[in-house]
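Engineer: This is the structure, below, for whatever I ask next.
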Amino acid sequence: MTQPSAPAPQIVIDSHDDKAWRDTLLKVAAILCERQPDSPQGYRLRRHALWQNITSTPQAESDGRTPLAAVSADMVADYHAQLGSADMALWQQVEKSVLLAPYWLDGHCLSAQTALRLGYKQVADAIRDEVIRFLERLPQLTGLLF
C-alpha cells in the first residue's frame, strides 16, 4: 500500500516586484526539485528565476576580471572530491551554491554532472540546456573571470 504524499506547502504568490517574484519562483522550484528530483521542470524553473532579470554582464576590468567574489576554491575542490560518490546531499549543496553565485557556470555544470551520476539524465540535459541558453543571451560571460 502506498503512502499518500504530504500536502504541498502553501505558497504565497508575490509578484509586486522583481525580487518578490524571483523568490516565489524559487520556492516553487524548490518544492518541485524536492518532490520530483528526476523531473527537469524544477531545475529549469530555478535557473529561469535565477537568470530572468540578468540582462547584461557585470562590469569587468580590461582583462575580464569582475568585482564579484569567486566561489571558494576549497568548496569547489570539496564538491569535485565528492563527485565520485555523488548523493542527493551533494547535489543539494551544489544547487544551493549556484543560487548564491548565479554566474558560477562551472557550478551549474557540476550540478548537471551530479544529476547524471545519480541517474537523472533528463535533468542533467535540462541544466546544460539552460546554461547554453543563458550564454546565448550573454555570450560575453565566457570571457569574464569571477
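Engineer: What residue, of A70, A89, A77, A124, is crowded, with 16+ Cβ neighbours inside 10 Å and of a type outside the set (F, W, Y)?
Structural biologist: The unique qualifying residue is A124.
Engineer: Looking at (1) over 9 Å from the mean Cα position of the chain (by Cα); (2) modelled with pLDDT under 95, find the lone condition where P102 falls short.
Structural biologist: (1)
Engineer: Quick one: how many residues across segment 1-37 are polar (S, T, N, Q), modelled with pLDDT under 80 and over 29 Å from R117 (Cα atoms)? Write out each step before concluding.
Structural biologist: We begin by selecting, within segment 1-37, every residue polar (S, T, N, Q); these are 2-3, 5, 10, 15, 24, 36.
From the residues that got through so far, the ones that are modelled with pLDDT under 80 too are 2-3, 5, 10, 15.
Among the residues that remain, those that are also over 29 Å from R117 (Cα atoms) are: 10, 15.
Total satisfying the criteria: 2.
Engineer: Which condition number does E95 fail, the rest of (1) free of Cβ contacts under 8 Å to residues at least 12 places away in the same chain; (2) charged (D, E, K, R); (3) surrounded by 17 or more Cβ atoms within 10 Å (Cβ to Cβ) being met?
Structural biologist: Going through (1) free of Cβ contacts under 8 Å to residues at least 12 places away in the same chain; (2) charged (D, E, K, R); (3) surrounded by 17 or more Cβ atoms within 10 Å (Cβ to Cβ) one by one, E95 breaks only (1).
Engineer: Can we say A20 is farther than 16 Å from L141 by Cα, of a type in the set (A, V, I, L, M, F, W, C) and either in contact with a Ser or Thr (Cβ under 8 Å, 6 or more places away or on another chain) or surrounded by 12 or more Cβ atoms within 10 Å (Cβ to Cβ) (or both)? So that I can check it myself, show each step before the final result.
Structural biologist: Values: farther than 16 Å from L141 by Cα: yes; of a type in the set (A, V, I, L, M, F, W, C): yes; either in contact with a Ser or Thr (Cβ under 8 Å, 6 or more places away or on another chain) or surrounded by 12 or more Cβ atoms within 10 Å (Cβ to Cβ) (or both): yes.
So A20 passes the test.
Engineer: Looking at segment 57-83, which of its residues are more than 21 Å from L135 (Cα to Cα) and touching a residue at least 12 places away in the same chain (Cβ under 8 Å)?
Structural biologist: As a first pass, look at segment 57-83 and keep what is more than 21 Å from L135 (Cα to Cα): 72-83.
Listed by number, the residues that qualify are M75, V76, Y79, H80, L83.
Engineer: Condition (residue is closer than 20 Å to A29 by Cβ, of a type in the set (V, I, T), buried (at least 17 other Cβ atoms within 10 Å of the Cβ) and touching a Pro at 6+ places or on another chain (Cβ under 9 Å)) applied to segment 129-137: is it met by at least one residue?
Structural biologist: Checked against the condition, which is being closer than 20 Å to A29 by Cβ, of a type in the set (V, I, T), buried (at least 17 other Cβ atoms within 10 Å of the Cβ) and touching a Pro at 6+ places or on another chain (Cβ under 9 Å), segment 129-137 yields no hits at all.
Engineer: If you take the residues in segment 47-63 that are surrounded by 13 or more Cβ atoms within 10 Å (Cβ to Cβ) and of a type in the set (G, A, S), which one is farthest from V123 (Cα to Cα)?
Structural biologist: Per the criteria, the residue is A60.
Engineer: Sticking with this one: Considering each residue of segment 86-133, count those that are over 26 Å from D74 (Cβ atoms) and aromatic (F, W, Y), and give that number.
Structural biologist: 1
Engineer: I've got another one for you. Can you list residue pairs whose Cβ atoms sit under 6 Å apart, with the first residue in segment 39-56 being closer than 21 Å to Q140 by Cα and the second being part of a loop (DSSP other than H, G, I, E, B)? Count only pairs 6 or more apart in sequence or on different chains.
Structural biologist: Final answer for the pair search is L50/P102.
The values are calculated or read from the model by the stated rules, or taken from the named source; none is laboratory data. The shown structure was predicted, so the numbers you read here are calculated from the model rather than taken from an experiment. FYI the Cβ positions are ideal-geometry reconstructions off the backbone, even for glycines, and counts take in every protein chain you see.
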